Amino acid sequence: MTATVEPTTTPSTLKVLGACPHDCPDTCAMVITVDDGVATDVTGNKAMPYTNGGLCVKVDHYLDRVYSPDRVLYPMRRTGPKGSGEFERITWDEAITEVADRYRSIIDEHGAEAIIPCNYLGTQGILQGLNVGDPFFNKLGATVAERTYCDSGACTAYVLTMGDSAGVDPESFVHSKFILIWAANIMSTNLHLWPYIAEARRRGAKVVVVDPVRTRTAKAADWHIPIRPGTDGALAMAMMHVIINEGLTDDAYVAEHTVGIEELTERVQQYTPEWASQETGIPVEDIYALAREYATTQPSVIRIGVAVERHAGGGQTVRALACLPALVGAWRNPGGGILQLPLWAFPVNWPAFMHPELQTPGTRVVNLYQLGEALTGGLDLETPLKALFVYNSNPVVVCPDQERMVRGLMREDLFTVVSEQFMTDTADYADIVLPATTQLEQTDINFSWGHLYVTYNNQSIAPLGEAVPNTELFRRLAAAMGFEEPCFQRSDDDMIAEAFDWTAPAMEGITVESLKELGFQRLNVPSADEYAPHAEGGFPTPSGKVEFYSSGAAGGNFVVPLFRQGSNDHQPGTPVDPLPHYIAPREGRDSDLAARYPLSMLSPKAHAFINSSYANLDFHRKVQKEPALLINPEDAQERGIETGMTVRVFNDRGAFTVLAKVDPSTMPGVTVSSMGHWRKNALALATPASLNPTAFADLGNAPTFSDTLVEVEIVGGAS
Ligand SMILES: Nc1nc2c(c(=O)[nH]1)N[C@H]1C(S)=C(S)[C@@H](COP(=O)(O)OP(=O)(O)OC[C@H]3O[C@@H](n4cnc5c(=O)[nH]c(N)nc54)[C@H](O)[C@@H]3O)O[C@H]1N2
Ligand SMILES: Nc1nc2c(c(=O)[nH]1)N[C@H]1C(S)=C(S)[C@@H](COP(=O)(O)OP(=O)(O)OC[C@H]3O[C@@H](n4cnc5c(=O)[nH]c(N)nc54)[C@H](O)[C@@H]3O)O[C@H]1N2
Ligand SMILES: [Mo]
């Protein structure tokens, strides 16, 4: 079951090689010390080059999570009113039988589409993660839950432009001379990339951050460029305007490895730096300087954060950003290009985990970003939803339009099952709660979306209480429903054997056995010092080139990243403008709403939480501090707000109450309240999600969390 790495200190002490389960680009390799069956320490694995023995403030304290007295350890049935948190312990047999019986009667009465799963990435491993329930719900005939909370717009845009390339190896950043960090708070959300950026700086690189907020990453950079939320596309288009008109393009690279330079040249003429300055709030000379320095300081690299997609024009913004490196020939050398998701480098065997062939063709699709509407009659669904199955997710906190979500969850006629490690805001509304294991109690194997190593998680301790891994949960449910396909009979080891296409060139030299032994292995790709995947072009697009003019967009042929399910685009088959362009924020300065709600609200990631996970644990809450709203001194003064006052943040969708923090690190017109805090721990029982809209961005049904206008008022004096 376990792999040991060092001679044990006493016969009963084991060092087990593990891997972090979280939805984070770092995917750290871990070492778990186990004494007499009890985990006593979790550290980073020093042998792993990229994460280099480090963990983050969250997972450094993973044992607080595993052994928390608040863990859900037994199946439970609701006894009190919905949301009251009153439950009684029941057996697994009773729980599974009740779920299966209810599903059968709902299917008889309403059809299987009345059931919807709701899951995301509480655990991201290939076995226990995003797809673990897909075969079950596909076979059941349940409504297909489309999952596009994170990067689906960026992925769609990126793949349309340059194909599913892994992009720049993060370890190659040491060779970059100009590092442009765009809408990413690296020091909080991608910590292990920072040492490579710091090393590049030691070697003379300039580091620039484009972010409305002077984050800890922006503070550490050479140049912080504050930008109005959702206007990034204007800046990117204006950069291309300058680069093309001033002849800063790498003409040989453009001629050989791109499509559509003439059309792009014509397109960018309208996007002058003077216009972009008005739109973005960035001084015009800074736009010129950024474009010129980016183009002429080679190799230059752009690291795009997920946050860049979270507004009406997020997709087209990523289209523009993905064009830039080819325009200036950044791809010629290691450390030049763009880094979005190196996940594309991993030959994951997605179909073996999703089993799309079990889906009945034509089954309806509901996007989980609109779950609140779907549960409350807002989507005009022919068959109303009667059952919800939540696992690996906490929709009350992570979905928009929180008030509506809670109204949906309060429905007496909705049968809700939640598989969880903790009694989250969502679990409180369950009819049945099922206990889930943590990473130490389960086996898994991981791709990464932030580096080029496969990691393996050996199980290190026995499950606590009656908790089960997600794989076991769905084996039990499938058995109760009488599903007999071989995929429902697989053991975890059988699944590990199917996790990758082991014969793919990237997997050469990597086996299940070697991974169990080592805990991690780098894909079989060139070393970071030599990794220049597109020095000679070779982009995985239909033309083999970077498509400034995208034939896929023109023809309505969007690549659907399979693992997300659903259509992954609002109107598949509908052509989209084949050239990158600017789409202003829906709730921007010029919208009708702006008179009533003049402030933008951002809800970025919390430093000490991972999404809403850890937000219930004392240590992490202490580090993160109380929920707060950053507001610029100008905006605060207009409203008489001082630091420490209690303020109500509101719009037509809802309101939440927090402490004000008057702080010039956020630009005028922009307020910030990190996501993740739990509703039940918040003043006035609401979090920023209650203000977020359910409208999609332009591509990939991406969320629009950053496209949110609000107003702020004082409810209490400073304490
Ligand atoms: N500590 C921690 N780490 C995490 C997570 C976590 O919750 N906590 N979550 C993980 C997950 S799921 C993800 S997707 C990644 C996300 O990691 P990031 O991509 O870094 O995402 P965010 O922190 O949401 O936003 C990054 C920055 O974008 C800025 N921003 C917001 N809107 C805009 C905009 O319109 N334009 C520009 N230019 N900037 C904008 C915010 O001010 C913020 O500083 O982090 C992962 N890592
Ligand atoms: N306002 C706002 N909202 C956002 C974002 C934002 O920036 N702003 N970001 C969005 C993004 S990028 C993302 S990725 C999503 C994240 O959304 P989610 O993936 O839903 O993230 P979490 O809030 O961490 O919830 C995961 C839950 O799964 C549980 N869990 C963990 N491991 C397991 C397991 O093995 N089995 C089971 N059954 N449960 C487990 C955890 O205890 C936790 O409660 O949020 C999105 N929501
Ligand atoms: Mo995410």
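The values are calculated or read from the model by the stated rules, or taken from the named source; none is laboratory data. Given the structure is predicted, the values throughout are model-derived calculations rather than measurements. Quick reminder, even Gly has a Cβ in these numbers, built from the backbone with ideal geometry, and neighbours come from all protein chains shown.
Structural remarks
- Residue count, the range 381-405 (criterion: in a loop (DSSP other than H, G, I, E, B) and within 16 Å of ligand 3 (Cβ to nearest atom)): 5
- Residue within the range 688-705 that is out of contact with any Pro (no Cβ under 7 Å at 6 or more places or on another chain) and β-branched (Val, Ile, Thr) present: no
- Test: GLY167 is on the phi > 0 side of the Ramachandran plot, outside the structural domain of SER543 (by TED's automatic domain parsing) and not aliphatic (A, V, I, L, M): no
- Which listed residue, of ILE197, ILE186, ILE181, is within 24 Å of VAL328 (Cβ to Cβ) and free of Cβ contacts under 8 Å to residues at least 60 places away in the same chain: ILE197
- Qualifying residue in the range 361-370 (condition: crowded, with 24+ Cβ neighbours inside 10 Å, within 15 Å of ligand 2 (Cβ to nearest atom), assigned to a strand (DSSP E or B) and not assigned by TED's automatic domain parsing to the domain that holds SER690): yes
Condition check ((1) touching a residue at least 60 places away in the same chain (Cβ under 8 Å); (2) under 30 Å from PRO486 (Cβ atoms); (3) more than 16 Å from ligand 3 (Cβ to nearest atom); (4) touching a Cys at 6+ places or on another chain (Cβ under 7 Å)) across all residues:
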{"site": "TYR253", "(1), (2), (3), (4)": "yes, no, yes, no"}
{"site": "ILE261", "(1), (2), (3), (4)": "yes, no, yes, no"}
{"site": "GLN278", "(1), (2), (3), (4)": "no, no, yes, no"}
{"site": "ASP286", "(1), (2), (3), (4)": "yes, no, yes, no"}
{"site": "ASN333", "(1), (2), (3), (4)": "yes, no, yes, no"}
{"site": "TRP344", "(1), (2), (3), (4)": "yes, yes, yes, no"}
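- Here the condition is being in contact with a His (Cβ under 6 Å, 6 or more places away or on another chain) and of a type outside the set (A, V, I, L, M, F, W, C); of SER172, SER188, SER152, SER176, it holds for SER188 alone.
- Scope the range 430-442; condition crowded, with 24+ Cβ neighbours inside 10 Å and either in contact with a Ser or Thr (Cβ under 6 Å, 6 or more places away or on another chain) or among the small types (Gly, Ala, Ser) (or both); matching residues: ALA430, LEU434, ALA436, LEU440
- Filter result (in contact with a strand residue (DSSP E or B) (Cβ under 7 Å, 6 or more places away or on another chain), in contact (Cβ under 8 Å) with a residue 60 or more places away in the chain and surrounded by fewer than 19 Cβ atoms within 10 Å (Cβ to Cβ)) within the range 494-520: MET507, LYS516
- In the range 53-88, the residues that are on the phi > 0 side of the Ramachandran plot and touching a residue at least 40 places away in the same chain (Cβ under 8 Å): GLY83, GLY85
- Condition met for GLY54 (in contact with a strand residue (DSSP E or B) (Cβ under 9 Å, 6 or more places away or on another chain), part of a loop (DSSP other than H, G, I, E, B), closer than 28 Å to HIS22 by Cα and not assigned by TED's automatic domain parsing to the domain that holds ARG490): yes
- Taking residues in the range 104-127 that are more than 16 Å from GLN370 (Cα to Cα), and partners anywhere that are of a type in the set (Asp, Glu) and in a strand (DSSP E or B), the pairs with Cβ atoms closer than 6 Å and at least 6 places apart or on different chains are GLY125/ASP444; LEU127/ASP444.
- For the range 679-719, taking the residues that are of a type in the set (Val, Ile, Thr) and either farther than 20 Å from PRO212 by Cα or more than 19 Å from the chain's Cα centre (by Cα) (or both), the one that is farthest from ligand 2 (Cβ to nearest atom) is identified as ILE714.
- The residue that is nearest to VAL366 (Cα to Cα), among those in the range 397-410 that are within 16 Å of ligand 1 (Cβ to nearest atom) and among the hydrophobic types (A, V, I, L, M, F, W, C), is CYS399.
- Residue identified as closer than 24 Å to GLU536 by Cα, buried (at least 24 other Cβ atoms within 10 Å of the Cβ) and touching a residue at least 12 places away in the same chain (Cβ under 8 Å) among THR161, THR148: THR161
- Residue ID - farthest from the chain's Cα centre (by Cα), chosen from residues in the range 631-656 that are among the aliphatic types (A, V, I, L, M) and under 17 Å from SER674 (Cα atoms): VAL647
- The single condition from (1) within 14 Å of ligand 1 (Cβ to nearest atom); (2) surrounded by 21 or more Cβ atoms within 10 Å (Cβ to Cβ) that LEU617 fails is (2).
- In summary, strands (runs of 3 or more DSSP E) completely within the range 94-190 and bearing 1 or more residues that are polar (S, T, N, Q) occur at 115-119.
- For ASN131: the one exception among (1) touching a Phe, Trp or Tyr at 6+ places or on another chain (Cβ under 6 Å); (2) farther than 26 Å from VAL390 by Cα; (3) more than 14 Å from ligand 1 (Cβ to nearest atom): (2)
- When we screen ARG201, ARG214 for residues that are touching a Pro at 6+ places or on another chain (Cβ under 8 Å) and either surrounded by fewer than 24 Cβ atoms within 10 Å (Cβ to Cβ) or farther than 25 Å from SER527 by Cα (or both), the only hit is ARG214.
- Residue list for the range 195-221, filter: part of a loop (DSSP other than H, G, I, E, B) and over 16 Å from ALA184 (Cβ atoms): ARG203, GLY204, ALA205
- Taking (1) within 25 Å of PRO342 (Cα to Cα); (2) surrounded by 20 or more Cβ atoms within 10 Å (Cβ to Cβ); (3) charged (D, E, K, R) in turn, ARG228 satisfies each apart from (1).
- Selection status of GLY247, without any contact (Cβ under 8 Å) to a residue 40 or more places away in the chain and outside the structural domain of ALA697 (by TED's automatic domain parsing): yes
- Helices (runs of 4 or more DSSP H) enclosed by the range 438-545 - at least 2 residues per element that are within 16 Å of ligand 2 (Cβ to nearest atom) and of a type outside the set (A, V, I, L, M, F, W, C): 470-480
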